[in-house]
Structure formats: C-alpha cells, structure tokens
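Everything below concerns the one structure shown next.
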Amino acid sequence: MKGEDKGDRVNKILRNKKYKEYLKRIEGLEKTRIYCKHHIVHFMDVARIAYILNLEEESGIDKEKIYVTALLHDIGRWVEYEKGIDHALASKELAYEILKDCGFTYEETVVICQAIGHHRIKENHPTTLSRYLYQADKLSRPCTSCESIGTCKKFNKGEVPVVVY
Ligand SMILES: [Fe+2]
C-alpha cells in the first residue's frame, strides 16, 4: 500500500480542481436519475474490482494505473447529459487534461485514455487494462437489488439480473 505521499498521483487526481468540478456537475445532473449513478463510490468500486481481476489473473498491471483509470472513466458523463456526446469519448478527452495536470507522462496518458475511450465496448479490447475496466464497470452494479430494473435498458429483453462472481 502506497498511502498518501508526495508522489501519490491517485490522491492528486482526487484533489484536482477540474476533477472535483466534473464530479459536482455529474452529481447535479443525476439528482433525479433513477438508474445507476456515476459518483466516487462507483469509481472506487470499479477501481477495486479491476484490481481484483488483475490479481486473479496475475496480470501485474500497476495498481496506480488501474485506480487512476477507474477514477476517471466516467468523468465526462455531464458532457453526455448536456451535449449528447458519448461519455466514454468525453471522459477520454477530459482525462487527458487532468492526467497532464497531475504529472502523468504522455505514454501513461495514452494507455489510460485508450482504456477509458473503450470502456463501453465489449469486444476487441486494445489492452488488458481496457478489458478490466469494462468488466469491473459491469460487475460493480448491484442490479439484483435495483428497483429500476423494469425500465433499465440493460434488461429490456426480460433478462434476469444475477450476481457474477
Ligand atoms: Fe462506470
């Protein structure tokens, strides 16, 4: 465990002005949303599940990279609500700026943003990080106890929600 120190870029992102502003915007726009929300709890769930997948498969992906990718993956949700732009693409764009502000190299930024841009697509993941983000995003949602399942687009063909483990 790294904890918070000078080189701790995960917590640098959490303190980043733009990051905090985007979270606030999403929160405001999702106030009356009855489906899955996109807040820090979701981001942390995704980070932890993606890291578990990484451990289970012994992939050896850097923990910081996994956490950062998860923390940023839905940050463009507000852009989708306001402008109709796909949030995976919007999040990728916004993540570029934040990663730059928080001291990530160009190479690191490319890999993280690639995973974010691909996180709504099931197939053909460019990296294992990208696949873990996709899987963790799905695994993080407690659909079995959701009251909005009747109208949720994930279950519009009558699928029964189950816990995948
Ligand atoms: Fe997500």
* Asked: Exactly one of (1) within 16 Å of the ligand (Cβ to nearest atom); (2) outside any helix (DSSP H, G or I); (3) within 27 Å of Thr128 (Cα to Cα) is unmet by Tyr51. Its number?
  -> (2)
* If you check Glu58 against the conditions, is it modelled with pLDDT of 95 or more, closer than 27 Å to Lys17 by Cβ and either aliphatic (A, V, I, L, M) or more than 16 Å from the ligand (Cβ to nearest atom) (or both)? -> no
* Would you pick out the residues in region 10-67 that are of a type in the set (Lys, Arg) and surrounded by 18 or more Cβ atoms within 10 Å (Cβ to Cβ)? -> Lys12, Lys65
* Structure fact -> Across (1) away from the ligand (no atom under 14 Å from the Cβ); (2) surrounded by fewer than 21 Cβ atoms within 10 Å (Cβ to Cβ); (3) without any contact (Cβ under 8 Å) to a residue 60 or more places away in the chain; (4) under 18 Å from Tyr19 (Cα atoms), Glu80 clears everything bar (1)
* Condition test on His118, is it within 29 Å of Cys146 (Cβ to Cβ) and within 13 Å of the ligand (Cβ to nearest atom)? -> yes
* Asked: Which of the residues spanning region 87-119 are farther than 18 Å from Leu23 by Cα and among the aromatic types (Phe, Trp, Tyr)?
  -> Phe104, Tyr106
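The values are calculated or read from the model by the stated rules, or taken from the named source; none is laboratory data. The shown structure was predicted, so the numbers you read here are calculated from the model rather than taken from an experiment. Neighbour counts are summed over all protein chains in view; Cβ atoms, including those assigned to glycine, are modelled from backbone coordinates with ideal geometry.
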